[in-house]
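To start, the structure itself, in structure tokens.
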Amino acid sequence: MVKIRRAYEVLFLGLFLFFLFITDLRYLKGWPVSIFLEATPLVAVATALTTHTIYRNLVWGLVVIAVTMMLGRVWCNWMCPFGILHHLFGWIGNRRNTKQMIEVNRYKKIYAIKYYILAIMIAMSALWMIPTAIESPSKIAAVYSRLGGTASPLELGALALSLVGLIGAWALIGPAWESVGKTLFRGSKPALVWVTRGLAVLLVVGAIDLARRGDVGRVTRAIPDGIAEAADEKKAENSSLQIGLLDPIALTVRSMTTSVLPTVHKTTESVYTEPREYWQAWIVGLIFLAFLFANWWIPRFFCRAICPLGALLGILSRFSLWRIDRDPVRCTDCDLCLKSCEGASDPHKDLRKSECFVCLNCIEECPHDALTYRFLPRKASEITYPEVGRRELLMASLFGLVFYPMVRKSGGVKKNFSRYAIRPPGSVAEDEFLRRCIKCDQCIRVCPTNVLQPALFEAGAEGLWTPIMISKMGWCELNCTLCSQVCPTGAIREISIVEKLGIGPFEHKGPIKTGTAFYNQGRCLPWAMDTSCVVCEEVCPVSPKAIFTRNVEVTDRWGATLQLKRPYIDPVRCIGCGICEHECPVKDDPAVYVTAVGESREKSRSLLLSLVDGEAKDWVSV
């Protein structure tokens, strides 16, 4: 089985690299180049929380979840490219003897950190639930009234309070959560029992009253409809997708894109047809290498202690039907099974199901055949749940809930948006973008001109490593929509050339604008230095051109008369492609530059009042 696993590792790592290279070559041709990103369950779960949808092929994540619930964390050691790289680096740097390997592969408490990281990220994705819960009672009452209900808001409120309180109290003192109740409310269990009984009586009385009025059906309809209305209102600006920071697939694709492969090309000149440069790529590269070389001190450190996807799969693996089972009669406690254990899952005693990578090395190493991979083995010989502190888990969740509004109110998403945060064409509105983008930088990889770059804090802390356009690095090719074809989550919606150019059926909408160009006349050659230059006009790709010139006659410092063409921007025609800035001969700080204002994805950022919906448009017409 170990040889079969290694064959799968080679297969999946090779497939991952193959998709990377054909994306670099922009030879998509229907290949599922984003399949590894789409098959990540953490992406599917988190985007479902932030957007209330499962976008396109993210359903593949459900397949991985189903496999995990059957076989355990096979993803981590059989299919995950980053996990396979960790395995490889750990093998290269291994200089330990058998005794040292046994000791280093024992479970340690620091391996629970990944569950706290997962709690932080899930809390940031699900923050909308809190304002939704606060708003839901009034929405339910409104829907109930529209349906012709006769109960008063006070009666409905008492009924809702008793129902919520009953569920909460049962969760604290019920059999499944008795230990939680004892931890959080030490010594108060009898009081909670009486509270529960009182709430149950109140709920029964309220239900009987509703039945007498004939309002049970209305309430049954009003509850889901009211909650749905509240959720639709509160999901915007109350959730943020940050799992891409540490999701292993997004992290690997981002690192390969911005740092690893450009470095390899610099050395070999054999990766790209044209050299690639990425803004602050060394930071991404150092983080990637740090995780890999950490294997020389703690094997599979990222997988064991940091990986939030591993934490999610570890939680789900408690349902797995197959797992490693130890025969205590045959076992001699030699601990040799720990020698090559990838997950530090303690197969020499009660197996930690949440930590087992199903690498099957322990079975190979056991000299007495005491270990087997079996269907539904004895539960007495396993530790089903992850070893996490409940209070620590609660504090991690609270940190995620508090951290998100802190960064959102400090960032540049609404009023103080950065002029440099120019998103690719087809990007959804900024708030929705931050709820969808997983920072995989797949769009950056496929961009043919190198204009797309990983952001630092141009879009606030939430926007770290999301794609932005830096026109000094390249420009947005007029007839290119590749970035929209590879985005796995819909942060960049798929668009056609016809829609991008605003022709045919999209003529009434006009072309997609990513920003607007402006002139710094103090640096422009015809404006400031009496030097002829029409480069920006010549390269402008739209028709009619967004850049035009006016002939002027000026007198130079020596008294000679000069005929010059001074350039101007037509903001209606400009699409913000950035080629004028890229080609401007004033290279250090170009005389023409593009900013995010005027982008078509958000009318609130419109440059022209005639393009703004609502009050501003009405004001213009007056």
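The values are calculated or read from the model by the stated rules, or taken from the named source; none is laboratory data. This one's a predicted model, so the numbers in the text were calculated from it and none came from an experiment. Cβ atoms come from the backbone with ideal geometry, glycine included; neighbour counts cover every protein chain shown. The accessibility values were calculated without ligands, DNA or RNA, using every heavy atom of the protein model including side chains. Shrake-Rupley method; radii C 1.70, N 1.55, O 1.52, S 1.80 Å.
Below, the figures for the structure above:
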| item | result |
| --- | --- |
| Nearest-0.05 FRET efficiency for F18 and L321, computed from C-beta distance (R0 25 Å) | 0.15 |
| Those residues of segment 509-538 whose amide nitrogen sits under 13 Å from the label point placed on Q563, 7 Å along Cα→Cβ | none |
| Largest to smallest accessible area among R56, R326 [probe 1.4 Å] | R56, R326 |
| Sequence-distant lysines (8 or more away, or on other chains) whose Cα lies within less than 19 Å of K3 | K339 |
| Potential lengthening between Y27 and S138 on full extension [0.36 nm per residue; Cα-Cα distance subtracted] | 34.6 nm |
| Nearest 10 degrees, 0 to 90: helix 189-213 Cα axis against the chain principal axis | 70 degrees |
| Zone residues, segment 318-350, relative to H368, backbone N less than 19 Å from point 7 Å out along Cα-to-Cβ | 324-341, 346-350 |
| Vicinal HN-Hα couplings computed from phi for segment 220-226 (Karplus, 6.51 cos²θ - 1.76 cosθ + 1.60; Hz; Gly/Pro x) | 4, 7, 5, 5, x, 5, x |
| Where V498, V74 fall by accessible area, highest first, once all protein chains stay in place (1.4 Å) | V498, V74 |
| Modelled label reach - C334, point 7 Å along Cα→Cβ, segment 348-366 residues with backbone N closer than 17 Å | 348-349, 361-366 |
| Fraction of accessible area attributable to carbon and sulfur, the chain (%, probe 1.4 Å) | 64 percent |
| Approximate spin-label separation T273-I503, in nm, with each point projected 7 Å along Cα-to-Cβ | 2.2 nm |
| Semi-axis lengths, Å, segment 341-394, gyration tensor of Cα atoms, sqrt of 5 times eigenvalues | 24, 13, 9 |
| Segment 467-537 versus segment 93-146: alpha-carbon centroid distance in Å | 40 Å |
| Stretchable slack from M70 to N520, in nm (0.36 nm times residue separation minus alpha-carbon distance) | 155.7 nm |
| Accessible area (Å², 1.4 Å probe, nearest 10) - E583 | 70 Å² |
| Whether segment 360-494 is rounded, prolate or oblate, judged on the alpha carbon gyration tensor where a/c under 1.5 counts as rounded | oblate |
| Residue-normalised accessible area of the chain, expressed per residue, 1.4 Å probe, Å² | 48 Å² |
| Order of exposure, largest accessible area first, which applies to H348, H508, H582 with probe 1.4 Å | H508, H582, H348 |
| Separation of the F293 and E392 label points, Cα + 7 Å toward Cβ, nm | 2.8 nm |
| Efficiency of FRET between T263 and T555 - r from beta-carbon atoms, R0 45 angstrom, step 0.05 | 0.25 |
| Relative contact order (%) - criterion: Cα under 8 Å, at least six apart; region: the chain | 16 percent |
| Equivalent ellipsoid, segment 473-622 (semi-axes from 5 times Cα gyration tensor eigenvalues, Å) | 32, 19, 13 |
| Cα extents of segment 245-348 along the three principal axes, largest first (Å) | 63, 28, 21 |
